[in-house]
Amino acid sequence: MAFTKEYLAEQRNMEWRAELRSQMKNKERTEIPRVVMPERDPMERAKKQRVEVNTGLSEKQAITEAKRCMDCVNPTCIDGCPVSINIPKFIKNIERGEFAEAAATLKETNSLPAVCGRVCPQEKQCEESCFYTQKLKKPAIAIGYLERFAADYEQESGKISLPEVAPPNGIKVAAVGSGPSSLAFAGDMVKLGYDVTVFEALHEVGGVLKYGIPEFRLPNSTVDVEINNLAKMGVKFQKNFIVGKTATFDDLKEQGFKAFFVGSGAGLPNFMNIPGENYNGILSSNEYLTRVNLMNAADKSFDTPVLLGKNVAVIGGGNTAMDSVRTAKRLGAERAMIVYRRSRKEMPARVEEVKHAMEEGIEFLNLNNPVEYFADEKGRVNRMRLQKMELGEPDASGRRRPVPVENSEYDVAADLVIVAIGVSPNPLIPSALPELKVSRWGTIEVDKETMQSSIPEIFAGGDIVRGGATVILAMGDGRRAAAGMDEYLKGIS
Amino acid sequence: MNKILTKEKFSGNVFRFEVEAPLIAKSRKPGHFIILRVDKKGERIPLTIASADEEAGTITIVVQKVGVTSAKLCSMQPGDCLADLVGPLGKATHIGKVGTVLACGGGVGIAPLLPIVEGFKKAGNRVISVLAARSKSLVILEKEISQWSDEVIIMTDDGSYGKKGLVTQGAEEIIKREKIDECIAIGPAVMMKFTSLLTKKYNIPTQASLNSIMVDGTGMCGACRVTVGGRTYFTCVDGPEFDAHQIDFDELIQRLGGYAEEEKAAFEDYMANK
């Protein structure tokens, strides 16, 4: 569903874009320094769970940043975007002050722009393939900040444009799970005229965007606006419904569903299986974040409890680990620590998240690995034994392998330990479909182009296929699956 | 929203509810559980399904007032709606023709035992049920269990009904009397622990249905971790039933108390402001 080169050229040759290009010399454009995202003061924000860290660009800042973009003949940035946003077109719309038009451009291919503008690792995608990064060796255009600016402008204006939707074709399709892959899938399918129902097991729609990512990084209200847009376009949402359990795939086929997209996520947290790991006070990042984000456990007027810690250790170095440790800090931890077995350089978390964590006073115990936990007489963890690590040869992931340093164990006080070392695919769907082909890790095997599984009417994407990735890669899968399913359904009708 | 249709008081703290849930009534099997949320600020709690009426589109749950959520639930009336109800969750009980089945239920654990007893009886087994509770008023569902049992033995701690003694005493009498091919134990963790120790002594395969702490109930959070045979399992997706002789009951009991302080404080707060 990516745009053709001809279409992009045609759009670029439109009069207004040519006019904008002529207004300023490229040399002048490249001399503008990259905008800095305004942020709340670290000491102030580290006390509040629901206050966003980044406050967003002003109109003036956005227009100036948009001027840096040279509207390249060959926009390589688009190749770096998993959902193929027409990046120069939206940025040039910002430059000329047509912010609503910029938002509409985003929504041509991205059903969740306000989300992606906040949580995408742009530095590894569009911004990495930007001409500035590649050829000028200068900081890239702040594409992510601009995406957020345009999407927020539209949300705040209250005048939200909906993408064009084809006349209903009456064909029922389902998405299983309501996270980013399913929402992207649903957005594309409803635009094509399909009758789309999204089934969600929890009592809230949004998947990881709701239960996982904290509000200081992605406010729930931002997610809800985008979900409401999908509902206005005609997508139906069914909460508290587990496909394969509440009703089987066959039951749904009897109700007229012709094809299914499975975006059920990688909802099975990994643990290290070390001694003492089942003591109270040791929990998965999924549990901790779900209690705080989805169940509002830190708010006394809600019934769900959450354990608070004075010395909180979060095991892992990814974005989820950063989300967990920064949440612990906000809930009052005196010492909030990351325990990571490699060094800062190998950390999978986004640079921005690590920077924010450091500003907020998070301690980093890098090149350390827990080997055992100890508890008090009630069974609540009170101490962890860490082993020092050093880096050896690169492993299959290309990162240098952590190697334990002998006789380096030492103990650190910890009364809350959050394990954020990754997730495994959720077994519910594969166990409901014995004939579905899965890998030995439990991920669903699909055709990489069409996302079709071994069962023709079942498509899949996101973490249930990838085993653990990003919001935007999941959305890219959802879009490819929509295109693949559309082709498949046209073929059989 | 799931409407409460009927409410029956078993004792001061134990109630039976019949709740509208047509899809679950149709798809549930013995051993399955549901997760519900009382209201928009409520927590998600797991409850095993006691019975279901597919035609009426209802399921039955039995609730004991122990904390904020169960107290809120027990104060609800027919016509009220639960904010959320999802299921059926967990793996269904493996029911086959094994010969003679000994079904041990303790307290509100008798409720989830009911569909399993029914299942084993319908599969052609001889079923002997041992129901145990602190005192007479806490012995629930005796009539329903009797309907699917060849024999029912009642045990109470205080001797106010049936025989005086623990579930294990009743069970051991049966085990000594005749050959038991399989045992099912559902109830408080301590009761299951001692039932398991008893049947291990006699080499009787035993299943226990665990009531671990859960949040989502779909495998996502891992709050319900339990050690079985030295390996960690998730009660929600791998259970709720496991080989009782392999379960680390002491760890289970410790983990059930993982939020005890928070729960106690919240309950006191709730009762004070009621």
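Roughly how many whole Å is it from the C-alpha centroid of the range B:17-82 to that of the range A:382-402?
47
Anything over 20 Å Cα to Cα? Flag those among B:97/B:122; A:210/B:29; A:107/A:191; B:179/B:200, in the order listed. Mind showing how you got there, number by number?
Values: B:97/B:122 9 Å; A:210/B:29 31 Å; A:107/A:191 11 Å; B:179/B:200 14 Å.
The answer is A:210/B:29.
In nm, give the distance between the simple-model label positions of residue A:250 and residue A:448, each being 7 Å from the Cα along the Cα-to-Cβ direction.
Taking the simple label geometry, residue A:250 and residue A:448 are separated by 3.6 nm.
Kindly write out, for the range A:273-285 in residue order, the coupling ³J(HN,Hα) from the Karplus curve 6.51 cos²θ - 1.76 cosθ + 1.60 (θ = phi - 60°), rounded to whole Hz, with x marking Gly and Pro.
Per-residue couplings from phi come out as 6, 10, x, x, 5, 9, 5, 5, x, 10, 9, 6, 4 Hz.
Using only Cα atoms and rounding to the nearest 10 degrees, what angle (0 to 90) does helix B:260-273 make with the longest principal axis of chain B?
The two axes meet at around 50 degrees.
Taking a point 7 angstrom from the Cα of residue A:382 along the C-beta vector, which residues in the range A:330-373 have backbone N less than 17 Å away?
Output list for this probe position: A:373.
Taking the Cα-to-Cβ direction at residue B:203 and at residue B:94 and moving 7 Å from each Cα, how far apart do the two end points lie in nm?
Between residue B:203 and residue B:94, the label points sit 1.9 nm apart.
At R0 = 22 Å, how high is the FRET efficiency between residue A:408 and residue A:351 if r is their beta carbon distance? Nearest 0.05 is fine.
For residue A:408 and residue A:351, the calculated efficiency is 0.15.
Take the alpha carbon gyration tensor of chain A, find the square roots of its eigenvalues, order them as a ≥ b ≥ c, and report rounded if a/c is under 1.5; if not, report prolate when a/b exceeds b/c, else oblate.
oblate
Calculated from DSSP H runs of 4 or more alone, at -39500 (n - 2.57) each and per residue, what is the 222 nm mean residue ellipticity of the protein assembly as shown, nearest 500? Mind showing how you got there, number by number?
Numbers: 29 runs with 258 residues, N = 767.
That calculation yields -9500 deg cm²/dmol at 222 nm.
Among B:92, B:68, B:78, whose Cα lies farthest out toward the positive end of the dipole of the range B:43-94, if unit charges sit on the beta carbon of Lys, Arg (+1) and Asp, Glu (-1)?
Of B:92, B:68, B:78, it is B:68.
Between residue A:231 and residue A:156, what length in nm is gained on full extension when 0.36 nm per residue of separation is reduced by their alpha carbon distance? Walk me through the numbers before you get to the answer.
On the way: separation 75, 0.36 × 75 = 27.00 nm, distance 1.86 nm.
Going from the current span to full extension adds 25.1 nm.
Test of the criteria: in the range B:32-110, which trypsin sites (Lys or Arg not before Pro) are in a DSSP loop and have at most 10 other Cβ atoms within 10 angstrom of their Cβ?
Of the trypsin sites (Lys or Arg not before Pro), the ones in loops of the range B:32-110 whose Cβ has at most 10 other Cβ atoms within 10 Å are B:40, B:97.
I need the calculated FRET efficiency for the pair residue A:11 and residue A:136, taking r as the beta carbon distance and R₀ as 25 Å, to the nearest 0.05.
Numbers: r = 24 Å, r/R0 = 0.95.
Here the calculated transfer efficiency is 0.60.
I need the phi-derived Karplus couplings for the range B:97-108: 6.51 cos²θ - 1.76 cosθ + 1.60, θ = phi - 60°, integer Hz, Gly and Pro marked x.
8, 10, x, 10, 10, 9, 10, 10, x, x, x, 5
For the range A:328-406, what does the alpha-carbon gyration tensor say about shape, rounded, prolate or oblate, given a ≥ b ≥ c as the root eigenvalues, a/c under 1.5 as rounded, and a/b over b/c as prolate?
In terms of gyration-tensor shape, oblate.
Enter the Cα centre distance for the pair the range B:209-243 and the range A:84-113, rounded to the nearest angstrom.
The two parts, judged by their Cα centres, are 46 Å apart.
For a Förster distance of 22 Å, can you work out the FRET efficiency between the beta-carbons of residue B:160 and residue B:9, rounded to the nearest 0.05?
Working: r = 18 Å, r/R0 = 0.83.
Here the calculated transfer efficiency is 0.75.
Give a residue-ordered list of calculated ³J(HN,Hα) values for the range B:218-223 (Karplus: 6.51 cos²θ - 1.76 cosθ + 1.60, θ = phi - 60°; whole Hz; x for Gly, Pro).
Along the range B:218-223, the couplings run 10, x, 7, 9, x, 5 Hz.
Using the per-residue mean of other Cβ atoms lying within 10 Å as a proxy for protection, in what order, highest first, do the peptides B:80-89, B:180-189, A:175-184 fall?
Values: B:80-89: 21.3, B:180-189: 23.2, A:175-184: 32.0.
With the highest mean Cβ count within 10 Å placed first, the list reads A:175-184, B:180-189, B:80-89.
For residue A:4 and residue A:48 in one chain, what is 0.36 nm times their gap in residues minus the Cα-Cα distance, to one decimal in nm?
Length gained between residue A:4 and residue A:48: 11.3 nm.
In nanometres, what is the gap between the two model label sites at residue A:55 and residue B:77, each 7 Å from Cα along Cα-to-Cβ?
5.1
Count, for each residue of A:298-309, the Cβ atoms from other chains sitting within 10 Å of its Cβ, then give me the mean as a whole number.
Neighbouring Cβ atoms belonging to other protein chains average 5 per residue here.
Would you tell me the mean number of C-beta atoms belonging to other protein chains that fall within 10 Å of each C-beta in A:336-345, as a whole number? Could you put the intermediate results ahead of the total?
Details: counts 0, 0, 0, 0, 0, 0, 0, 0, 0, 0.
Whole-number average of other-chain Cβ neighbours for A:336-345 is 0.
Read-outs throughout are calculated quantities, based only on the coordinates presented, and are distinct from any laboratory measurement. These numbers come from a predicted model, not from an experiment. Cβ: placed from backbone, ideal geometry, glycine included. Neighbour counts: every protein chain shown.
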